[in-house]
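Everything on this sheet refers to the single structure shown next.
The values are calculated or read from the model by the stated rules, or taken from the named source; none is laboratory data. Quick caveat: nothing in here was measured; it's all calculated off a predicted structure. For neighbour counting, all protein chains shown are included, and Cβ atoms are generated from backbone atoms with ideal geometry for every residue, glycine included. SASA here: full protein model, heavy atoms, side chains in, ligands and nucleic acids out. Shrake-Rupley method; radii C 1.70, N 1.55, O 1.52, S 1.80 Å.
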Amino acid sequence: MSIMRYFALLWFVSVAATLAGPKAAPAAEKAPSAEAPVRLYVSPAGRDTWSGRLAAPAGGDGPLATLAAARDAARKAGAARPVTVVLAGGRYFLEEPLALQPHDSGLTIEAAAGEEPVLLGGQRITGWRKEGDRLWAAPLPAVARGEWDFRMLMVNGHLCPRARMPAEGRFTHRSEFKVPWMSSTGGGWKRKPTPEELTTLRYRAEDLDPWLQPENAEVTVYHMWDESLAGVKSIDRRAHTLIFTNPLGHPPGAFGVKEYVVWNCRAGLHEPGQWYLDRKHGKVVYWARKGEDMTKALAVAPTVESVIRIAGAPAKPVRNVTLRGLTVMVADTPLKAGGFGANHYAGAVDVLHAEGGHLERLTITAVNGHGIRTRRCPRQVVTHCHVHHTGAGGIYVRGDGALVQDNLVHHVGLAFPSGIGIHGGGKGTRFVHNTVHDTSYSAVNVSGEDVTVEANHLYRAMLVLHDGGGIYTFAPKRLVMRGNFIHDIPDTGGYGSSAYYLDERAEGCVVERNVSLRVARPSHNHMARNNTICDNVFITDGPMRLTFPKSEGFTFRRNVLVAEGNVAFHGTNAVTMWGDNIFFARGGKVVGKRVKGYAAEEAGDLGPDAVRRADPKLLPGWEKGVIRFAADSPARALGIKDLDVSKAGHQP
């Protein structure tokens with residue numbers, strides 16, 4: 001081959017290679033895509049020195065041991081790569097909150113398939129010894145030094161009640177505060193309470209014996225729709241006066257309520273399961289339940305107020321974080337008044353300034369604050385969560401376009417009875433198919449614009465406080481309550497309780513196709529205007545009343561009211577459009593009255609041909625929410641349709 005032909009051949013091969021592009025590397029040598037998802041594993045058997053890329057230990061590597069290490073590893077993976085942290089079953093003790101920030105956006109933390117990881121926001125208490133025949137005690141040097149304080153104790157999965165005096169019911173105090181309440185819209189108290197009025201309580205001499213130790217005792221002072229917790233700064237046994245360490249939300253005696261309870265005193269140990277923290281001697285004292293051996297029991301005291309804290313900023317929110325399948329337990333509350341709805345306390349899962357987050361299939365129990373609290377969180381989704389046995393509320397969600405659906409909430413408000421089952425609002429927020437029961441205050445409380453509350457099953461609410469309901473709303477605009485099933489709401493006095501309650505400045509709202517059973521006041525409407533109540537069925541086994549103080553412009557059509565006693569409609573002058581209702585007072589009377597201010601005065605017209613007083617002839621099944629009318633029922637002639645709310649509530 002001549003030299004010219006040789007170089008010509010080299011040129012041809014070079015051009016061909018250039019046109020063909022670079023030679024592909026073998027598949028095994030490919031660099032991973034910057035978008036490839038990353039899975040990190042965490043296990044009680046893991047080590048934070050491992051990579052976390054393996055679900056089980058193997059070859060000197062394996063899962064991480066802590067969520068904090070997994071979060072940090074996720075951050076190192078880079079924001080462009082979606083990261084899922086998978087938790088194996090077992091216990092994870094967090095003495096500080098797991099903090100997620102804007103650079104954790106897109107992170108998912110979930111349980112491994114078929115496993116139950118339990119996150120506990122505290123430390124295990126050990127060193128228990130018998131103290132007398134019934135009690136156990138464990139030393140806590142940090143408490144003695146004033147470095148640790150707490151208000152809840154979890155033993156073997158139970159949220160343990162604090163020692164209390166009296167054993168049942170409440171003490172009655174002697175303080176008075178006779179200043180008029182001008183409504184929330186009207187600015188609250190006509191005269192602002194003084195600092196002394198907010199920190200002083202006069203007690204009866206026979207109630208507080210020498211057993212009260214100020215350094216240990218804490219006091220709950222009850223108001224109308226909330227309560228205040230305070231420490232005891234001093235006691236004047238001659239003047240029978242308590243001075244509190246922190247101000248109450250309202251003065252003792254406000255609203256005419258004169259009740260209080262003393263917590264965390266040795267004399268208040270009345271039954272197994274109770275406990276108190278002896279701050280003076282630096283120990284926790286517990287009365288064990290039957291069969292409990294405290295040398296083997298799992299006792300945990302809190303070191304955090306939130307176990308998981310997700311926090312962004314208005315200009316830089318956390319985005320698209322998902323928590324799924326986790327169990328969260330043990331979180332504390334500070335010594336201060338909680339305010340309406342105990343809103344001043346945090347959630348065990350606490351979220352602020354986040355967008356598009358998902359909280360799915362979480363179980364939250366044995367916490368002293370709320371289960372879940374989200375604030376300023378648009379498009380937040382909370383679904384299929386089980387929140388129960390909390391000191392304050394259940395699920396608190398506030399943000400535009402949020403969805404709260406298919407959740408089960410019960411036995412909340414155990415320490416702070418103003419805690420609400422499900423609470424929140426925003427614009428376009430939806431509360432759908434939730435079950436809430438056994439709450440000390442309202443089952444559901446919402447506000448905002450264009451909010452929907454639909455197909456919820458709510459019962460045994462309002463067990464302690466007053467002026468709330470199954471569904472209580474404050475100042476909503478264009479809210480819709482539809483297809484809800486509320487039953488067995490007692491009236492414990494004070495301002496009463498209701499099934500469906502439109503409060504101050506509620507306007508343009510619709511309450512339709514709902515059922516209320518065994519609620520004496522199924523509908524209460526206060527300072528509300530231009531709302532519609534239609535196609536509902538209200539049934540009670542005693543007298544019934546509907547109330548419309550300071551309200552106007554209502555439409556009331558095609559409703560069926562059935563009571564064993566009288567049916568009283570207070571506020572006929574608040575209704576401008578009537579039609580095709582059935583009021584049936586079995587063995588009683590139907591009474592309509594006009595209302596001036598808060599007083600029912602002269603008889604009022606229930607509307608021309610607006611009310612039929614005949615038996616609506618309900619067929620069996622109404623106790624389960626299946627409302628059907630007999631063929632010859634007057635409801636048929638009025639065009640009132642059957643109604644089925646038996647499937648309201650959470651769908652597992």
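If you check 387, 381 for being under 20 Å from residue 108 (Cβ atoms), within 18 Å of the chain's Cα centre (by Cα) and β-branched (Val, Ile, Thr), only one passes: 381.
Table: residues versus (1) in a loop (DSSP other than H, G, I, E, B); (2) among the hydrophobic types (A, V, I, L, M, F, W, C); (3) without any contact (Cβ under 8 Å) to a residue 12 or more places away in the chain; (4) open to solvent by 10 Å² or more (accessible area, probe 1.4 Å).
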site: 486; (1), (2), (3), (4): no, yes, no, no
site: 492; (1), (2), (3), (4): yes, no, no, yes
site: 501; (1), (2), (3), (4): no, no, no, no
site: 533; (1), (2), (3), (4): no, yes, no, no
site: 550; (1), (2), (3), (4): yes, no, no, yes
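Among the residues of region 272-323, those identified as over 27 Å from residue 335 (Cα atoms), open to solvent by 70 Å² or more (accessible area, probe 1.4 Å) and touching a Gly at 6+ places or on another chain (Cβ under 8 Å) are 319, 320. Does region 402-425 contain at least one residue that is at pLDDT 95 or above, surrounded by 24 or more Cβ atoms within 10 Å (Cβ to Cβ), hydroxyl-bearing (Ser, Thr, Tyr) and touching an Asp or Glu at 6+ places or on another chain (Cβ under 6 Å)? There is at least one residue in region 402-425 that is at pLDDT 95 or above, surrounded by 24 or more Cβ atoms within 10 Å (Cβ to Cβ), hydroxyl-bearing (Ser, Thr, Tyr) and touching an Asp or Glu at 6+ places or on another chain (Cβ under 6 Å). Annotation: residue 566 fulfils all but one of (1) open to solvent by 30 Å² or more (accessible area, probe 1.4 Å); (2) within 26 Å of residue 225 (Cα to Cα); the unmet one is (2).
Out of everything in region 220-270 that is crowded, with 17+ Cβ neighbours inside 10 Å and among the hydroxyl-bearing types (Ser, Thr, Tyr), what residue ends up being nearest to the chain's Cα centre (by Cα)? If we take residues in region 220-270 being crowded, with 17+ Cβ neighbours inside 10 Å and among the hydroxyl-bearing types (Ser, Thr, Tyr), then 228 is nearest to the chain's Cα centre (by Cα).
Consider region 432-461 and keep the residues that are part of a strand (DSSP E or B) and among the acidic types (Asp, Glu). The one that is least open to solvent (accessible area, probe 1.4 Å) is 438. Has region 445-456 got any residue that is closer than 19 Å to residue 512 by Cα and within 12 Å of the chain's Cα centre (by Cα)? Scanning region 445-456, I find at least one residue that is closer than 19 Å to residue 512 by Cα and within 12 Å of the chain's Cα centre (by Cα), so the answer is yes.
With the structure loaded, tell me whether residue 582 is assigned to a strand (DSSP E or B), hydrophobic (A, V, I, L, M, F, W, C) and crowded, with 22+ Cβ neighbours inside 10 Å or whether it fails that test. Here the answer is yes, as residue 582 does meet what is asked.
The C-beta contact set for region 462-479 (first residue crowded, with 24+ Cβ neighbours inside 10 Å, second residue modelled with pLDDT under 95 and not charged (D, E, K, R), distance under 7 angstrom, 6+ apart or interchain) comprises 462/492. The number of residues in region 99-126 being among the polar types (S, T, N, Q) and farther than 18 Å from residue 349 by Cβ comes to 2. Within the set 279, 289, 309, the sole residue that is in contact with a His (Cβ under 9 Å, 6 or more places away or on another chain), of a type outside the set (Phe, Trp, Tyr) and within 26 Å of residue 414 (Cα to Cα) turns out to be 289. Against the definition (hydroxyl-bearing (Ser, Thr, Tyr) and open to solvent by less than 70 Å² (accessible area, probe 1.4 Å)), how does residue 555 come out, yes or no? Yes: the conditions hold for residue 555.
Taking residues in region 314-326 that are under 22 Å from residue 117 (Cα atoms), and partners anywhere that are among the basic types (Lys, Arg) and open to solvent by 80 Å² or more (accessible area, probe 1.4 Å), the pairs with Cβ atoms closer than 7 Å and at least 6 places apart or on different chains are 324/361; 325/361. When 208, 201, 212 are checked against the criterion of being part of a strand (DSSP E or B) and more than 25 Å from the chain's Cα centre (by Cα), 201 stands alone in meeting it.
Quick one: count up the residues across region 132-187 that are at pLDDT 95 or above, part of a loop (DSSP other than H, G, I, E, B), closer than 30 Å to residue 203 by Cα and open to solvent by less than 30 Å² (accessible area, probe 1.4 Å). Qualifying residue count, region 132-187: 11.
Under the condition of being free of Cβ contacts under 8 Å to residues at least 40 places away in the same chain and not aliphatic (A, V, I, L, M), the residues counted in region 226-244 number 5. Scanning region 601-652 for residues that are under 35 Å from the mean Cα position of the chain (by Cα) and at pLDDT below 95, we see that the one that is surrounded by the most Cβ atoms within 10 Å (Cβ to Cβ) is 651.
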